[in-house]
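Worksheet: one structure, shown below.
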Amino acid sequence: REVLCVLANISRQHEELSKVTMVAQTDALTGLANRRGIQEQLEPLLLTDSVTGALLIMDLDNFKQVNDKFGHQAGDTVLAAFADMLVETLPETSFVSRYGGDEFVVFLPNVTKQETCGLAGKVKEQLAKQFPLFVKTCQFGVSLGSVFVPEDGKDWDTLFKKVDETLYENKRQSKMEQHGEGKTEK
């Protein structure tokens, strides 16, 4: 009897620990992995020799205007809906997470550069369909940066630095195009 009580207690503690771990690694608003989830789940995966794919960072353009014009509740609804749209649009094997604020990190395993561009186009298209009011009134959109594993690196710090640089270069280029400063080839 005592052994059964001890086993039941251990089992209960294990369940509680699993719940606490899941809560700690999950973004409360979107249900996606959060920064801690990225650290615990994605970072070790990237170090695996056989892993290939694309690491993307997505930043919602002019999201502050959505909050300012329509309120933070609307902004929260947009973030949750965008997260759902990413999960529905991207392959099931994707690792989708909310890095923080209006930034999302995605890992697409075993994809080519061409497939990645196609998926990025689908995300932009779905965003425009899902949020036409915000696109029109706030020039709401999404900017992306991407790097490839293992070509651009294997460790999180190297990959994240490169993908972040790519994102901000793409955002800068997009702003230049919006202001009629022309497009440069990269």
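The distance between label points at Lys136 and Lys124 comes to 2.1 nm (points 7 Å beyond Cα on the Cα→Cβ vector).
Among 85-95, 41-51, sorting by the average number of other beta carbon atoms lying within 10 angstrom of each residue, highest first, gives 85-95, 41-51. In the chain, the longest principal axis of the Cα atoms and the axis of helix 156-178 are about 30 degrees apart. For the chain, a simple Cβ point-charge model (Lys and Arg +1, Asp and Glu -1, everything else neutral) yields a dipole of about 400 debye relative to the Cα centre.
Against the main long axis of the alpha-carbon atoms of the chain, helix 2-24 sits at an angle near 10°. Helix 113-130 and the longest principal axis of the Cα set of the chain meet at an angle near 80°.
Segment 39-58 and segment 108-131 have Cα centres spaced 18 Å apart. For the chain, the share of DSSP beta bridges that are antiparallel, to the nearest 5, is 95%.
Available extension along the chain between Ser50 and Asp155 is 36.5 nm, counting 0.36 nm per residue and deducting the alpha carbon span. Both radii were evaluated on the Cα set of the chain; the Rg over Rh quotient, with Rh as the Kirkwood radius, amounts to 1.07.
Compute the relative contact order of the chain as a whole-number percentage, counting only Cα pairs closer than 8 Å that sit 6 or more residues apart in sequence.
Taking the mean separation of contacting Cα pairs over the length of the chain, I get 26 percent.
Take the residue pairs Lys154/Lys175; Lys113/Lys171; Lys122/Lys171 and return only those whose Cα atoms are more than 29 Å apart. Where the Cα-Cα span goes over 29 Å, the pairs concerned are Lys154/Lys175.
No value in this document is a laboratory result; all are computed from the given coordinates. Just so it is clear, the model here is predicted, and its values are computed rather than measured. Because the Cβ atoms are built from the backbone with ideal geometry, glycine has one as well, and the counts that use them run over all protein chains shown.
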